[in-house]
Structures are given as C-alpha cells and as structure tokens.
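Right, one structure below, let's go through it.
A short reminder: the numbers here are calculations on the coordinates, not readings from a lab. A quick note: this is a predicted structure, and the numbers were derived from the prediction, not measured. Because the Cβ atoms are built from the backbone with ideal geometry, glycine has one as well, and the counts that use them run over all protein chains shown.
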Amino acid sequence: MRTARELLQPLLDLHDGIRRDVVAATERATGDALNAVAREEQSDTIYAIDVIAEDVLDRFAAQLAKETSVVLIAEGIAGGRRTYPSGTSEADAAWRIIVDPIDGTRGLMYQKRSAWILSAVAPNRGPATSLKDVVLAVQTEIPLRKQHLSDQLVAVQGQPVAAIRYNRLSGTSGCLDLALSGATTIAHGYATVSRFFPGGREHLAAIDDAIVTAALGRGEPGKALCFEDQYASTGGQLYELLAGHDRFIADLRGLVPGATLCCHPYDICTASIATASGVILTDPLGRPLDVPLDTSTNVSWIGYANDHLRRQIEPHLHAALHTRGWI
C-alpha cells in the first residue's frame, strides 16, 4: 500500500467490525459484565468492553501486515506501539496508524451515551510524527443498543470531509449534511470547559465562570446565559462542534495541578476531520493544535465553531489561564 487512499477500506472494515462486535456485546450483556475492570494501564483503565474492541484491532493489524508495514499506536499495546509485520524495524515502517478503539468507554458501558472509534494515518516520520502529518482520519459512532442510527466521518487529505449515517436495522447508509454553528456569541448556546473526572475540577469550574462572566456578564437570577455538555469523549466533543451543536469547548485538564485522567493524542487523533470541516482547534497559547502521535502525552486543546466565537472567547480564556500562571 503506497497511498493513504489504499488504507481507507481496511480502516473502514476495522471500524465496522468494532461497531458490530461492541454493539452485539452490549445487547447480550447482563448486569455489570461490560463495566468490569479488565486491567489498569498507565494512561487509563481498560474495561471489559474495551477488550472486545481490542480483539478486532488485533485481527486488523495482522491482516494489514500482509499488505504493508505499520507502526500501530494504541492503548493496550505494551509500550504504546507495535510494528507490523513482526520483526520490521520501526524506522522502516511505511505508516503510523493511531487508534482509539472506544473513545467514551464509560458512557457506552453504562448505556448513557454513544462512544466513538477513532483512527488516523500518517507517513512514518519516527517519534516526531504528529497530528500535522495525518493524511487520513476516520471516526465512527458506536451507538447505544436502543439506537439504530450511527454516524461516520472520513477525512482524506485534499478532499472534502465525507459524513455518512448508517442504519444498523436496515444495513443501509446515506450521506449526512453537517454544518458548524454560525453564531457570533456563546449566549444561549453550548460552551463547555471539560471537567469529567475528580481532580482539579474547582480550577476548571472557576475558569468556566470567569470566561462566561467576562463574555456575557453576570446575567439575571433564574436565567441561564449559556449551557455546557460534559460529553466524556473527545471524539464526541469534536463531533458536537462540527455538527453545529456546540460553539466552544476547552479541555484544559493537562494544565491543571492535581488533574487525574487527561486527554491523550489517541483521543484527538481525528482532529483533521474537525479542522477540514472548519472547526478552529488550538493549543492553550492559541497556536494550531499539534501533538505527537503517542499514548502518553497530556493534551490540552480548545475548539471554536467559528472565528467570531474565537474572538469573543479567546482573550478571556487566555486571561484566566495567565492569572493562574498556566500560560
């Protein structure tokens, strides 16, 4: 395989296999079978439902090794990466493929909210390979067992983003039209500072309040100036931005003293889908987001649905971070 285009179908097959097997497992499961802890990794906890997706990923890697050489980067692999075919030097591999088999495990295993399969492909530049090198990205929704529709997004470098809605009851798919919010303010819209887990939440909540107060004022008693959505899936958050549901999201957990679980590169490996759709993604300093493709780097990122919203929010966000000495 000499082009990213040739890797698209194997990736789509991987996503279809994970979605199929995980949904089937949720339909069969009883009690707490899927939320049992399978093992503890340095970067996160692996639950029983994650293992199902890992099995599909193993088969994908073995099949792909017959056609090309890759460095596969994912949680659950010793050291965070493995080279295929076995024995291939990492330096000689043609591609780096980073995968999060289930992003949003916790919401899915309790059947609260969809999760996402995330994957991205970049030519192998060694450990320096980063988000800016990604030439192909795919993210696929894993629906709840009561949900018959799931969405899939594909970005191939130089081509428009493809959005597809799949009906798992009929087995049919159709094109999906998504559009970013054109709002010029966060007022009466969704604007979120992520704080999913214990550890540092008081800092993140204070930053959230500081931004909203500076942007919109204190508001009136009994009224909400804007709203938040703590969707514990980075891929899901990116989808909410590019689908026009959310206007601003900041995940600053990587900056917070005492923060526990942070965003990692595999969580945001499909950033190119969002940016190709028009989402503005930056790091905490306002620079274009770029991180190495690994399983350990703590990532902080900010997403804006359009430049009007960035101009409204970014100065207040930077002021709040500067006050705390975080930038």
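Under 22 Å Cα-Cα from Lys112, which lysines qualify once same-chain neighbours fewer than 8 residues away are excluded? Output for Lys112: Lys146.
If you keep only loop residues by DSSP, which trypsin sites (Lys or Arg not before Pro) in region 80-125 have at most 13 other Cβ atoms within 10 Å of their Cβ? Could you put the intermediate results ahead of the total?
Working: sites: Arg81, Arg82, Arg96, Arg106, Lys112, Arg113, Arg125; in loops: Lys112, Arg113.
Listed in order of number, the matching sites are Lys112.
Given region 4-175, what whole percent of its Cα pairs are spread farther than 22 Å? List each step's numbers first, then the result.
Details: 6552 of 14706 pairs.
Value for region 4-175: 45 percent of Cα pairs lie more than 22 Å apart.
Sequentially through region 150-163, phi angles give Karplus couplings (6.51, -1.76, 1.60; θ = phi - 60°) of 9, 9, 9, 10, 9, 10, 10, 3, x, 10, x, 5, 9, 10 Hz, Gly and Pro residues having no value and appearing as x. Amide H to amide H distances under 5 Å link Arg96 with Val71, Ala122, Asn124, where only residues 5 or more positions off or on other chains count and H is placed in the peptide plane.
A simple spin-label model places the labels of Thr30 and Gln42 4.0 nm from each other, with each point 7 Å out along Cα-to-Cβ. Remark on the chain: hydrodynamic radius 20.3 angstrom, per the Kirkwood mean of 1/r across alpha carbon pairs.
The phi torsions of region 98-114, fed into the Karplus equation with coefficients 6.51, -1.76 and 1.60 and a -60° offset, translate into couplings of 10, 9, 10, x, 9, 9, x, 3, 5, x, 6, 5, 9, 6, 9, 7, 4 Hz, rounded to whole numbers, with Gly and Pro shown as x.
Approximating the spin labels as points 7 Å out from Cα along Cα→Cβ, the Asp13-to-Asp55 distance works out to 1.9 nm. Taking Cβ atoms as reference points and 13 Å as the exclusive limit, the residues near Ala183 contribute a net charge of +1, counting Lys and Arg as +1 and Asp and Glu as -1. Anyone know which of Asn124, Asn306, Asn167 comes out most mobile in the 10 Å Cα GNM of the chain? Result for the chain, Cα springs under 10 Å: Asn167 fluctuates most. Lys and Arg at +1, Asp and Glu at -1: add these up for the other residues within a Cβ distance under 12 Å of Tyr166 and post the number. Computed value for this residue: +1. Span-like helices, the chain: DSSP H, alpha-carbon axial extent 27 Å or more, mean Kyte-Doolittle -1.0 or greater, which ones? Those that clear 27 Å and a mean of -1.0 are 4-28. Amide H contacts for Thr192 (H built 1.01 Å from N in the peptide plane; partners 5 or more residues away or on another chain; cut-off under 5 Å): Phe248, Ile249, Ala250.
Quick one: Cα convex hull volume of region 221-327, Å³ per residue?
Values: hull volume 13.5 nm³, N = 107.
In region 221-327, the Cα convex hull volume per residue is 127 Å³.
Provide the net charge surrounding Ala93, with neighbours chosen by a C-beta distance below 12 Å and charges set as Lys +1, Arg +1, Asp -1, Glu -1. Once all neighbours under 12 Å are counted, the net charge is +2. Mind checking region 194-293 for trypsin sites (Lys or Arg not before Pro) that DSSP puts in a loop (not H, G, I, E or B) and that have at most 12 other Cβ atoms within 10 Å? Those that pass, being in a loop and sparsely packed, are Arg218, Lys223.
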